[in-house]
Amino acid sequence: MKKLLVLCLALAAGTPLVALGQGAESSAPSAAQQTAEEIGLDRLASATSALRPNDARNLSVLRQAGQGNQAAIEQVSQGSRLNEALIVQAGNANVAGFYQYGSGNQASLMLEGNRNTATVDQRGSSNTFDGRVVGDRNDVDVVQNGQHNSATLEVVGNGRSYPVLQVGDYNQLTQREAAGTKAPLGYGVEMRGTGIRLTIEQGRAQP
């Protein structure tokens, strides 16, 4: 078990902060890797020269625009595959936390607005999360415990709360909630088992 070895580089104004971890290389490009490429491989390489070649088992990228935004990323590698995390915050006083324990987990989140909070906790291997929250005072809490679980969440509105729990393997959730609808302002989703597939749009579940 190897904890995240954080190496931070503050680039020019307006350039994102990059944190890299310890471990082995990745295979297919992900959102975090694509963002790293946008930063510039030359500058990224200069920040990682202290790491051994092919030894980046954790990768995290953080972009913030606005004031009072906070973010925390904790990654613990427990295998040979890359854990990846991408957080983008645009607005004020948003708070995000990512916790990845395992191997091959991927999580990306975009918060657009003010005073939104989001927490993603991934434990196991090959779990994926892709989230986008647009509005103010929304709260999202996602826990994935197992293997090959996936969750896609899109929230547009204000004052909404959505806790999500996936326990097991190969569970799949797609959730879309938009403002101006009769959907409730909050509800929880629990998926316990194997191979469960669920789509929720505007508060209505579709197996």
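Side notes on the structure shown:
- Contacts under 8 angstrom Cβ, first residue in region 150-179 being more than 12 Å from F129 (Cα to Cα), partner surrounded by 22 or more Cβ atoms within 10 Å (Cβ to Cβ) and among the hydroxyl-bearing types (S, T, Y), 6 or more apart: V155/Y162; E177/Y162
- Of everything in region 174-192 that is more than 15 Å from Q144 (Cβ to Cβ) and not small (G, A, S), the residue that is modelled with the highest pLDDT is R176.
- Of all residues in region 74-110, those that are buried (at least 24 other Cβ atoms within 10 Å of the Cβ) and charged (D, E, K, R) total 1.
- Scan region 87-113 for residues that are in a strand (DSSP E or B) and under 15 Å from V140 (Cβ atoms) and the total you get is 16.
- The set of residues in region 113-152 that are of a type in the set (K, R) and under 14 Å from the mean Cα position of the chain (by Cα) comprises R123, R132.
- Single condition F98 does not satisfy, out of (1) closer than 21 Å to V61 by Cβ; (2) modelled with pLDDT under 95: (2)
- Region 138-171, subset modelled with pLDDT of 95 or more and of a type in the set (D, E, K, R), residue surrounded by the fewest Cβ atoms within 10 Å (Cβ to Cβ): D141
- The residues of region 193-207 that are modelled with pLDDT of 85 or more and either in contact with a Gly (Cβ under 6 Å, 6 or more places away or on another chain) or assigned to a loop (DSSP other than H, G, I, E, B) (or both), listed by number, are G193, T194, G195, I196.
The values are calculated or read from the model by the stated rules, or taken from the named source; none is laboratory data. This structure is a prediction, so every number in the text was calculated from the model and none was measured. Reconstructed Cβ throughout: ideal geometry from the backbone, glycine too, with neighbour counts over all protein chains shown.
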